[in-house]
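Enquirer: Got a structure here, written out as structure tokens. Questions coming.
The values are calculated or read from the model by the stated rules, or taken from the named source; none is laboratory data. Owing to the predicted nature of the structure, the values given are computational and were not obtained by experimental measurement. With ideal geometry, Cβ positions are generated from the backbone for all residues, glycine too; neighbour counts draw on all protein chains shown. Just so you know, the surface numbers come from the protein's heavy atoms only, side chains and all, with ligands and any DNA or RNA stripped out. Shrake-Rupley method; radii C 1.70, N 1.55, O 1.52, S 1.80 Å.
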Amino acid sequence: MSEGQYRIGIDTGGTFTDIVAVDRESGALHVTKVPSTPDDPSQGLAAGVAAIMGQLGLEGEAGAAAVSALCHGTTVATNALLEERFSSLGLITTRGFRHVLEIARQSVPEGYGNSYFWVKPDRIVPLELVAEVEERLDYRGQVIRPLDEDSVRAAGRFFRELGIEAVGVCLIHAYANGAHERRVREILAEEVPALTVSLSHEVLPEYREYERTMTTLVDAYVKPVMARYMSNVSQRLDPAVSKKPFLVMKSNGGVISAQQVTERPIATALSGPAAGALGAAVVAELAGFRDLVTVDAGGTSTDVCLIEDGQPHLTTNGAVGRFPVKLPMIDIVTVGTGGGSIAWCDAGGALRVGPKSAGAVPGPMCYPNGGDQPTITDANVVLGRIPPALIGGGIALDVDRARAGLTALGEGLGLGPEALAAGILEIANWSQANAIRQITIKRGIDPRGFALLSFGGSGPAQSAAVMDLLGMRATLIPPNPGNLSAYGLLSVDWVTDHIRTKVVYEAEMNDTTAAEVATVYDELSADAHAVLARDGVPEDRRVLVRHADVRYAGQAWEVRVDAPTGDFDRAALDEIVNRFHAAHERAYGYSYQGRQPVEIVNFAVSGYGRIERPRFQPQVAHSEDVGANLGQALDAARKPTRPVWFGDGFRDTAVYDRARLAAGLRIEGPAVIEEFGSTTVIFPGQFVEVDPHGILIVRPNAEGGAEATGEEAAR
């Protein structure tokens, strides 16, 4: 055992906490999972780290020395926002702009038809908790009216008397000059030392007051939550392990240090799903697929992400729940169908599935001490799709209790338990398929040219059926699919994003303008270098990439393009414009080149700290290890058959141990492949192949409807 031999990834989900340790020398993966602890996620995290270290035989100071770093994906910030307990949150803004949250945007959420049927939800900060201060800047950052410090002190006393714990400061045009906001923070520190403060020019230094205000407020709200969480993590980990570098996944696909998390926690929203998408891209490329849709189906929800040419799509127009968060994040669509999603009947008597979930506590009906409403997991176990025990036998499932719950629900629908279970899974499959349609067909992309990569504990049991619904090329199931998000945490770089609003009109582009933009890029680059240096990233591992947000005059949205590297001059400005025309054509099918002037709105720099990526070396058997031919190799992996429901009845179905499946095997459906943490179902009319990396590749049978069992096909 050598020093710094293992990197540990921890992904906290709604039901389980998944842990992966990778041996930096051999590339070997070690995985485990423990139940999540929603009331205090740090307990599940610490238990998981202790479990994986025990599995590796790492104890005491010597064991901790073998750990190089811990990387964590968490939804603590997201969950705090979704709970919407904002009673101790306040806002400071420029006098005359206290209604910025009330005005918001005129758009109505999809599905309401028009504003007549939609009632605006309560504001994150009610009007009575908005304090105004005297000051004013113009859009260039020049002072029109100096900051009145007495008005700031009055605001501080106002919040202190009300017991406000966190405040967002969003002054008009502060993105262009943060001096007034910084002085506000200094005064608040004098008046209310315990107050948590977020400044808009630090959180989101770009224009659009409503989005900047909202992003700043949600950052302020989750700051104390994340600070307490990170403190709990440090206290619960073994003292020697807690001294190791602790990195947290960001929504944009990079990691940051624990210190930066407490300074800017909103950057970690949706960090767990982001890690899964990046891990999926790595695995899919090994299997020869660069265009794919990822489906991360866990216990409470399913996240889908589009990956083109090996890169996940990014967005700066994301949201957490109903709150817009205008920060770079991997573009993920979430639907409320996971293994714990509850089946129920609405007022009209129609069967529904989700979004309410049984979660980790109490869990599905079949769990020990489970809930009293049937879930997707209950439907799968009653149909024989998953075994009567999960995570290697660690959780015994009560099939009879699940069947009783389905029977009770089905009485009002006139359905038996098996027919109801099949209907529940059909609804869940279409829910996932519609989420995929949202990120493909609605954007002009044909999903039939893409593969589907399924992971998460509950995904592989259903994803091959989703593939058929959309006519996709294949379904990929990576080794240890329930732990792919945790593996993804070990495969990502440090990433820091820096942006500044500076509007440059095409008619005004000249050498002087180019020099001004060059200065902006230099300053943003210096900021990125400083952040990476603070995290200990060596200079030879840093890479900076320039971006620009561009639009046609009159448009209300921008398209992000990469900006040229090297010395920035007038030709570089022209190149940004040309790249924008091409990007607009790709995204929307048309461009206004030569017909409509262009505006560059924001300039940005992304700083990357390249890590030493672990080699993907899953433990996959080879036919020469288990027999002289593939038939013998299949025999070595066979488990007892069991009845599994397909179509309109049970079939005696071949079951295999994935850990013993040799590379090169082909198995015809129907079949079930079991492993620690997940189960893959191969439906009639499909076949699965095991590639050299141990990745399962499920495809529709070209002849259609092949009924040979895995055993018959191998022989």
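Enquirer: What is the residue count in region 450-461 for residues that are at pLDDT below 95 and open to solvent by 10 Å² or more (accessible area, probe 1.4 Å)?
Expert: Residues that pass the stated criteria total 2.
Enquirer: Identify all residues within region 337-350 that are of a type outside the set (Gly, Ala, Ser), under 19 Å from Ala435 (Cβ atoms) and at pLDDT 90 or above; write none if there are none.
Expert: Ile342
Enquirer: Those residues that are open to solvent by less than 40 Å² (accessible area, probe 1.4 Å) and within 22 Å of Asp138 (Cα to Cα), I need them from region 177-207; list them, please.
Expert: Within region 177-207, Gly178, His180, Glu181, Val184, Ser198, Leu199, Ser200, His201, Val203, Leu204, Pro205, Glu206 meet the criteria.
Enquirer: Which is in contact with a Gly (Cβ under 8 Å, 6 or more places away or on another chain) and open to solvent by 10 Å² or more (accessible area, probe 1.4 Å), of Asp309, Asp346, Asp331?
Expert: Of the residues listed, the single one that is in contact with a Gly (Cβ under 8 Å, 6 or more places away or on another chain) and open to solvent by 10 Å² or more (accessible area, probe 1.4 Å) is Asp331.
Enquirer: Taking region 132-143 as the search range and keeping residues that are assigned to a strand (DSSP E or B) and open to solvent by less than 10 Å² (accessible area, probe 1.4 Å), which one is farthest from Ala154 (Cα to Cα)?
Expert: The extreme case among them is Leu137.
Enquirer: I'd like the full set of residues that are surrounded by 12 or more Cβ atoms within 10 Å (Cβ to Cβ), assigned to a loop (DSSP other than H, G, I, E, B), at pLDDT below 80 and of a type in the set (A, V, I, L, M), limited to region 586-632.
Expert: The one that is surrounded by 12 or more Cβ atoms within 10 Å (Cβ to Cβ), assigned to a loop (DSSP other than H, G, I, E, B), at pLDDT below 80 and of a type in the set (A, V, I, L, M): Val620.
Enquirer: Another question about this same structure. Restricting attention to region 503-520, which residues are out of contact with any strand residue (DSSP E or B) (no Cβ under 6 Å at 6 or more places or on another chain) and either assigned to a strand (DSSP E or B) or under 21 Å from Arg208 (Cα atoms) (or both)?
Expert: The answer is Val517, and nothing else.
For (1) within 22 Å of Ser463 (Cα to Cα); (2) among the polar types (S, T, N, Q); (3) open to solvent by 30 Å² or more (accessible area, probe 1.4 Å), each residue gets a yes or a no:
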site	(1), (2), (3)
Ala358	yes, no, no
Pro368	no, no, yes
Gly371	no, no, no
Pro387	yes, no, no
Ile395	no, no, no
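Enquirer: Tally time: how many residues in region 224-250 are surrounded by 24 or more Cβ atoms within 10 Å (Cβ to Cβ) and among the basic types (Lys, Arg)?
Expert: Summing the residues that are surrounded by 24 or more Cβ atoms within 10 Å (Cβ to Cβ) and among the basic types (Lys, Arg) in region 224-250 gives 1.
Enquirer: Sort out which residues of region 481-498 are surrounded by fewer than 24 Cβ atoms within 10 Å (Cβ to Cβ) and either assigned to a strand (DSSP E or B) or not acidic (Asp, Glu) (or both), and write them in order of number.
Expert: Once the filter is applied, which keeps residues that are surrounded by fewer than 24 Cβ atoms within 10 Å (Cβ to Cβ) and either assigned to a strand (DSSP E or B) or not acidic (Asp, Glu) (or both), region 481-498 yields Ser491, Trp494, Val495, Asp497, His498.
Enquirer: Evaluate the following for Leu162: is it in contact (Cβ under 8 Å) with a residue 24 or more places away in the chain, exposed (fewer than 15 other Cβ atoms within 10 Å of the Cβ) and aliphatic (A, V, I, L, M)?
Expert: Considered against the rule, which asks whether it is in contact (Cβ under 8 Å) with a residue 24 or more places away in the chain, exposed (fewer than 15 other Cβ atoms within 10 Å of the Cβ) and aliphatic (A, V, I, L, M), Leu162 comes out as yes.
Enquirer: Let me confirm something: among Ala533, Ala526, which residue is open to solvent by less than 70 Å² (accessible area, probe 1.4 Å), of a type in the set (A, V, I, L, M, F, W, C), in a helix (DSSP H, G or I) and at pLDDT 95 or above?
Expert: Ala526
Enquirer: Among the residues of region 397-420 satisfying the criterion of being free of Cβ contacts under 8 Å to residues at least 60 places away in the same chain and not in a helix (DSSP H, G or I), which is farthest from the chain's Cα centre (by Cα)?
Expert: Gly414
Enquirer: May I ask you to list pairs of residues, at least six apart or on different chains, whose Cβ atoms are under 7 Å apart, with the first in region 550-565 being within 13 Å of Ser591 (Cα to Cα) and the second being in a loop (DSSP other than H, G, I, E, B) and modelled with pLDDT of 90 or more?
Expert: Going by the 7 Å Cβ cut-off, the qualifying pairs are Val550/Glu558; Arg551/Glu558; Tyr552/Tyr592; Tyr552/Gln596; Ala553/Gln596; Ala553/Pro597.
Enquirer: Within region 208-223, how many residues turn out to be surrounded by 19 or more Cβ atoms within 10 Å (Cβ to Cβ) and outside any helix (DSSP H, G or I)?
Expert: 0
Enquirer: Scan region 598-611 and report the pairs whose first residue is under 14 Å from Met509 (Cβ atoms) and touching a residue at least 12 places away in the same chain (Cβ under 8 Å) and whose second residue is of a type in the set (Phe, Trp, Tyr) and open to solvent by less than 10 Å² (accessible area, probe 1.4 Å), with Cβ atoms within less than 9 Å and a gap of 6+ or a chain change.
Expert: Within 9 Å, the pairs are Val598/Tyr552; Val598/Phe580; Glu599/Tyr552; Ile600/Phe580; Phe603/Tyr521.
Enquirer: So, in region 39-56, how many residues would count as being in contact (Cβ under 8 Å) with a residue 40 or more places away in the chain and surrounded by fewer than 17 Cβ atoms within 10 Å (Cβ to Cβ)?
Expert: So the answer is 1.
Enquirer: Would you tally the residues in region 310-330 being of a type in the set (D, E, K, R) and touching a strand residue (DSSP E or B) at 6+ places or on another chain (Cβ under 6 Å)?
Expert: Summing the residues that are of a type in the set (D, E, K, R) and touching a strand residue (DSSP E or B) at 6+ places or on another chain (Cβ under 6 Å) in region 310-330 gives 0.
Enquirer: Kindly indicate which of Glu516, Glu508, Glu539 is charged (D, E, K, R), without any contact (Cβ under 8 Å) to a residue 24 or more places away in the chain, out of contact with any Lys or Arg (no Cβ under 7 Å at 6 or more places or on another chain) and under 28 Å from Lys250 (Cα atoms).
Expert: Exactly one of Glu516, Glu508, Glu539 is charged (D, E, K, R), without any contact (Cβ under 8 Å) to a residue 24 or more places away in the chain, out of contact with any Lys or Arg (no Cβ under 7 Å at 6 or more places or on another chain) and under 28 Å from Lys250 (Cα atoms), namely Glu539.
Enquirer: Can you name the residue in region 251-271 that is open to solvent by less than 10 Å² (accessible area, probe 1.4 Å) and modelled with pLDDT under 85 and is also nearest to Pro312 (Cα to Cα) among such residues?
Expert: Looking at residues that are open to solvent by less than 10 Å² (accessible area, probe 1.4 Å) and modelled with pLDDT under 85, I get Ser271.
Enquirer: Let me ask another. Within region 497-504, is there a residue that is farther than 30 Å from Ile697 by Cβ and free of Cβ contacts under 8 Å to residues at least 40 places away in the same chain?
Expert: Looking for residues that are farther than 30 Å from Ile697 by Cβ and free of Cβ contacts under 8 Å to residues at least 40 places away in the same chain, one finds none in region 497-504, hence no.
Enquirer: Can we say Ile172 is closer than 24 Å to Tyr207 by Cβ, at pLDDT below 95 and β-branched (Val, Ile, Thr)?
Expert: no
Enquirer: Additional query: In this structure, does Ala435 turn out to be within 28 Å of the chain's Cα centre (by Cα), at pLDDT below 95 and part of a helix (DSSP H, G or I)?
Expert: yes
Enquirer: Could you grab me the full set of residues in region 536-577 that are at pLDDT 90 or above, surrounded by fewer than 16 Cβ atoms within 10 Å (Cβ to Cβ), over 15 Å from Gly607 (Cα atoms) and of a type in the set (A, V, I, L, M, F, W, C)?
Expert: Ala553, Ala571
Enquirer: Ok, one more. For the list (1) touching a strand residue (DSSP E or B) at 6+ places or on another chain (Cβ under 9 Å); (2) open to solvent by 80 Å² or more (accessible area, probe 1.4 Å); (3) not in a loop (DSSP other than H, G, I, E, B), I need the number of the one condition that Arg105 fails.
Expert: (3)
Enquirer: Got at least one residue in region 81-99 being out of contact with any Phe, Trp or Tyr (no Cβ under 7 Å at 6 or more places or on another chain), in a helix (DSSP H, G or I) and in contact (Cβ under 8 Å) with a residue 40 or more places away in the chain?
Expert: So far as region 81-99 goes, yes, one or more of its residues are out of contact with any Phe, Trp or Tyr (no Cβ under 7 Å at 6 or more places or on another chain), in a helix (DSSP H, G or I) and in contact (Cβ under 8 Å) with a residue 40 or more places away in the chain.
Enquirer: Being in a strand (DSSP E or B), at pLDDT 90 or above and open to solvent by less than 40 Å² (accessible area, probe 1.4 Å) is the filter here; which residues of region 676-715 pass it?
Expert: Of everything in region 676-715, those that are in a strand (DSSP E or B), at pLDDT 90 or above and open to solvent by less than 40 Å² (accessible area, probe 1.4 Å) turn out to be Thr679, Thr680, Val681, Ile682, Gln686, Phe687, Val688, Val690, Leu696, Ile697, Val698.
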